[in-house]
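Let me begin by presenting the structure, written as structure tokens, before commenting on it.
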Ligand code: GLY
């Protein structure tokens, strides 16, 4: 393994390292406690050899392969994971390792948080999206009743291994999908990283960009593990993204693509100009493909559960953010008139 960076995370819910590496997937037993029974959870879109490589380093264990896609993140599969753990007589001192993207990580993280009131969980994120965002910070969940991530827990992993070699098997659209969250973090928190993306090749420098985005994410979750304040800034672009996700299927637009389109109307004119160029450079869409009425309807539906107002993030200039609250209707009006 070539260790690119070891990034410590310290939160009230637990301390662990995010290791950014090349080849780290083959060296997990050097740094993690795998001398026990391990359930390795993956999906059928992830090269099967990754999970096999992970299991081969465990004293005992088994692999569960779920179908790829957001629809997997449901209570049926949560129960299925509990059943497998119980059937294999897993105890409080055993552990779970997720090998895959955000769906696998969120679902198996929540299974770990709840089985026997919580067992150790490790994450090997294999998509850019999960590497820069969902694998760090301990959010675990399943979708339920038509709502994304509505049932879940904060459950910090015991370790996260980002192996940049896994990116070699990703299709370019998937790489762009994850880069969207890295652009988001740079646009709101890190003008220097944003300039780096403007001035340098994005794909050529992907390891550096992932590392710096993870450093931002760590800073945010260390300050606000439970999303009382600062962590909300990570939702930049997500109000419109969730609305777009409810209008379009997950294949039509990936999450990161919806975030990219959702960030643009949240920027001042000067920030927008710079953001659009970087998003395009990263291979992401920048224009909302539907009319404002359809979008407004979707935003209002999404807010059904939390009353009539919504809090969202704007970007007045690159490297900064503002948190604003408006009624869903005023929000949509202002998006339509480009007045945010
Ligand atoms: N994906 C946003 C967060 O972890 O808070």
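Each reported figure results from applying straightforward, stated rules to the coordinates on display, with no laboratory input. Computed from a predicted model, the values in this text were never measured in an experiment. Here the Cβ is made from the backbone with ideal geometry for all residues, glycine too, and neighbour counts use every protein chain on show.
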| said: Can you order the peptides 110-119, 325-334 by their average number of other Cβ atoms within 10 Å per residue, highest first? | reply: 110-119, 325-334
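So what is the 222 nm mean residue ellipticity for the chain from helices alone, if each DSSP H run of at least 4 adds -39500 (n - 2.57) and you divide by all residues, rounding to the nearest 500 deg cm²/dmol? Write down the numbers at each step before the final one.
Details: 12 runs with 136 residues, N = 340.
Calculated mean residue ellipticity at 222 nm is -12000 deg cm²/dmol.
Kindly rank 16-22, 252-258 from highest to lowest mean number of other beta carbons found within 10 Å of each residue. If you can, show how the numbers build up before the last one.
Numbers: 16-22: 20.7, 252-258: 22.7.
Order by mean packing, descending: 252-258, 16-22.
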| Cα pair distances of the range 81-184 binned at 5 Å [whole percent] | 3, 13, 22, 21, 18, 13, 7, 3, 0
| message | Using only the alpha-carbon atoms, how far is helix 269-281 inclined from the longest principal axis of the chain? Give it as 0 to 90 degrees, nearest 10. | response | 40 degrees
| message | If I model a spin label at residue 196 and residue 227 as a point 7 Å from the Cα along the Cα→Cβ vector, what separation in nanometres do I get? | response | 2.7 nm
| task | Give the distance, in whole Å, between the Cα centre of the range 234-292 and the Cα centre of the range 18-81. | result | 31 Å
| remark: Per residue, the convex hull enclosing the Cα atoms of the chain spans a volume in Å³ of 118 Å³
| remark: Pseudo-spin-label distance residue 87 to residue 62, built 7 Å along Cα→Cβ, given in nm, is 0.6 nm
| request: Mind pulling the angle between the C-alpha long axis of helix 172-189 and the longest principal axis of the chain? Nearest 10 degrees, somewhere in 0 to 90. | output: 70 degrees
| Taking Rh as the Kirkwood radius computed over C-alpha pairs, what is the Stokes-Einstein D of the range 124-276 at 4 °C in a medium of viscosity 1.567 mPa s, expressed in µm² per second? | 81 µm²/s
| said: Compute the helix-to-body angle for 292-302: its Cα long axis versus the longest principal axis of the chain, expressed 0 to 90° and rounded to tens. | reply: 40 degrees
| remark: P(r) of the range 190-340 over all Cα-Cα pairs, 5 Å bins starting at 0, rounded to whole percent, reads 2, 9, 17, 22, 21, 16, 10, 3, 0
